1. For Met21, Met90, Met1, give the ranking by accessible area with the largest first, probe 1.4 Å.
2. Which order do Ser49, Ser33 take when ranked by solvent-accessible area (1.4 Å probe, heavy atoms of all protein chains), largest first?
3. In what sequence, largest accessible area first, do Val29, Val50 appear using a 1.4 Å probe?
4. List the residues whose amide H sits under 5 Å from the amide H of Ile17, counting only those 5 or more places along or on another chain, with H placed 1.01 Å from N in the peptide plane.
5. If you work out P(r) over Cα pairs in 10 Å bins from 0, in percent from the coordinates, which of (1) 15, 45, 31, 9, 0; (2) 16, 53, 28, 3; (3) 15, 44, 27, 11, 2, 0 do you get?
6. To test your reading of the geometry: what angle, between 0 and 90 degrees and rounded to tens, separates the Cα axis of helix 56-66 from the longest principal axis of the chain?
7. If the cut-off is a Cα-Cα distance under 17 Å, which lysines reach Lys22, setting aside same-chain residues fewer than 8 apart in sequence?
8. Roughly how many Å² is the accessible area per residue of the stretch 1-83, as a whole number, for a 1.4 Å probe?
Amino acid sequence: MSEVEGRIREQIANNPILLYMKGTPEFPVCGFSARVVKILDLYGVKYASVNILEHPDIRATLPKMMNWPTYPQLYVKGELIGGCDIVTEMHEAGELQEALDRGK
C-alpha cells in the first residue's frame, strides 16, 4: 500500500461522514460538488471534506482504489455511498437519511 492509499484509508476510517470534493463546502468549485453539499446541508449532518484540487495525489489515487471514476465521492462509516447522481437519487427517494444516520 502506498503512502497516499494509507492516508486515504485513514481519512475514510477516521471520519464517519466524508466528502471528497472539488473545492470546500463553503466554496465548491464544481456544480456536482455544490449539489451534494447542498443536499447534506439539508440534513444538518456534520461531515468532513477533502478538497481534491489541493491534493492531486488523492485525486489521482482514490478513483483507482475505490473503482469510482468521478467526484464528488461520499463515504459514510467507511462505505462509498456514491457521487452526485446517487446522492441526489437517494435524497429524492427518501433513502439518504437512513444512510447518513449510520454516520452519526
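1. Listed by decreasing accessible area, they come as Met1, Met90, Met21.
2. Ranked from most to least accessible, the order is Ser49, Ser33.
3. On the way: Val29 95, Val50 15 Å².
Greatest to least solvent exposure: Val29, Val50.
4. Answer set, sorted by chain and number: Ala48, Lys77.
5. (2)
6. Helix 56-66 sits at roughly 70 degrees to that axis.
7. Straight-distance partners of Lys22: Lys38.
8. 55 Å²
The values are calculated or read from the model by the stated rules, or taken from the named source; none is laboratory data. Since we're looking at a predicted model, the values are computed, not measured. Protein only, heavy atoms only, side chains kept; ligands, DNA and RNA dropped before computing areas. Shrake-Rupley method; radii C 1.70, N 1.55, O 1.52, S 1.80 Å.
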